[in-house]
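Colleague: Once you've had a glance at the structure underneath, I'll fire off some questions.
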Amino acid sequence: MKVRKRKTAKILLLPFAFFIVSLVAFTFTSIFLKQYNNDLAVNIQVTEIQINSLASENEALQVEIDKLATKSKVVDSIDSDEMQHNKDNIVYIKGNEE
């Protein structure tokens, strides 16, 4: 009696290999790329918080600049801090008030 060898279907090897590669690629994208996306989102949020804090600091500085916009306010500020002022050191950009 002859022993028959069982033939493996070589046609199934290509789809099986493609399935394995797809499974590895899906795992990579689902784990590593989502983590990278989350890291980018955190960095965006941190940057937005920094921008907002700098914007509020700019607004506070703008208020301080507006307080010292006229000569009378500068002189009042100098007098309240018990300092002396030299008229030659005060420069006027806009002469609205005096």
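Colleague: In segment 32-51, how many are at pLDDT below 90 and aliphatic (A, V, I, L, M)?
Modeller: 1
Colleague: Taking only pairs six or more apart or across chains, which ones have beta-carbon atoms under 6 Å, a first residue in segment 27-40 that is in contact (Cβ under 8 Å) with a residue 60 or more places away in the chain, and a second residue that is assigned to a helix (DSSP H, G or I) and surrounded by 10 or more Cβ atoms within 10 Å (Cβ to Cβ)?
Modeller: none
Residue by residue, here is whether (1) touching a Gly at 6+ places or on another chain (Cβ under 6 Å); (2) surrounded by 10 or more Cβ atoms within 10 Å (Cβ to Cβ); (3) at pLDDT 95 or above holds:
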site	(1), (2), (3)
LYS5	no, no, no
THR8	no, no, no
ALA17	no, yes, no
SER53	no, yes, yes
LEU61	no, yes, no
SER80	no, no, no
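The values are calculated or read from the model by the stated rules, or taken from the named source; none is laboratory data. Given the structure is predicted, the values throughout are model-derived calculations rather than measurements. Here the Cβ is made from the backbone with ideal geometry for all residues, glycine too, and neighbour counts use every protein chain on show.
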